[in-house]
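Written out below as structure tokens is the structure these notes cover.
What follows is calculated from the coordinates using simple rules that are stated; it is not laboratory data. All of these numbers come straight from a predicted model, not from anything done at the bench. In this analysis, Cβ positions are derived from the backbone assuming ideal geometry, glycine residues included, and neighbour counts consider all displayed protein chains.
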Amino acid sequence: WISILWVLLLSGSSAFAVLDLDLGVLKRNTQIFERIVGEILTQTFPNPFALTGEAEGSYVQGYGVVVSFHLNINRSRIRTPFGEIPARTEGPRSNAEQLNLLRESMVRCLADYGMAFKQLEAEERISINAHVEDRNELDATKKTTIVVISTSKRDLDLLTTEKISFEQFEDRIRVLQY
């Protein structure tokens, strides 16, 4: 017993935090957030082949929740066994416009629905990772853009309690694009 106590004491407070975390509830909250992200993406990018699969999330101990998805953009033509056919789109948008639309919609998603993760600690984060593939780009090095949008639970709490404005929240969000 003493050795177990020493291990717990030496491992720090993170061992106790995981014991308090109800992983079943966290999993359900993550699944709800995944569906919300998926619904926002299908409304924002209406092409039936834009979203290649469901958004998937996971909890990373010591970090927070990460939700990932793969998105195809610029599908002006779709290859079928019978040849290429034009895609149903509301009009061509540039790659930069579509990436900006993705960022704006996911920032709004975090602001509106990020509080679903009530169990997270203030310093933990909620991140949305998008692998965006430009299907019209032939250069393999330029074909995929990765966009990571991340916020802390603390900033979400401040936004929810109206201690900061949405504009201040936007300024605090980390966006990495490469």
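General remarks:
- Close amide-amide hydrogen proximity is noted between SER68 and GLU56, GLY57, ASN129, each under 5 Å apart and 5 or more residues distant or on a separate chain (H modeled in the peptide plane; Pro and chain starts excluded).
- Spin-label model, LYS118 to ARG35: label points 7 Å out along the Cα-to-beta-carbon direction sit 1.8 nm apart.
- Cβ-derived FRET efficiency at R0 25 Å, VAL60 paired with LEU138, nearest 0.05: 0.10
- Loop-located trypsin sites (Lys or Arg not before Pro) across segment 87-159 with a Cβ neighbour count of 15 or fewer within 10 Å are ARG88, ARG93, LYS118, with loop assigned by DSSP.
- Two-site FRET efficiency, SER165 against LEU101, from Cβ-Cβ distance with R₀ of 22 Å, rounded to 0.05: 0.50
- Between ILE73 and GLU133, ASP134, ARG135, the built amide H atoms are under 5 Å apart, and every one of these is 5 or more places off in sequence or on another chain.
- 3J(HN,Hα) from dihedral phi, segment 97-106, Karplus parametrisation 6.51/-1.76/1.60, rounded to Hz, x for glycine, proline: 5, 5, 5, 5, 4, 4, 4, 4, 5, 6
- 3J(HN,Hα) from dihedral phi, segment 48-65, Karplus parametrisation 6.51/-1.76/1.60, rounded to Hz, x for glycine, proline: x, 9, 5, 8, 7, x, 6, 5, 10, x, 8, 9, 10, 4, x, 10, x, 10
- 3J(HN,Hα) along segment 30-44: 5, 5, 5, 5, 4, 5, 5, 4, x, 5, 4, 5, 5, 6, 7 Hz, from the Karplus curve 6.51 cos²θ - 1.76 cosθ + 1.60 with θ = phi - 60°, whole Hz, x for Gly and Pro.
- Hits among lysines - C-alpha to C-alpha of LYS163 under 19 Å, sequence gap 8 or more where chains match: LYS118, LYS153
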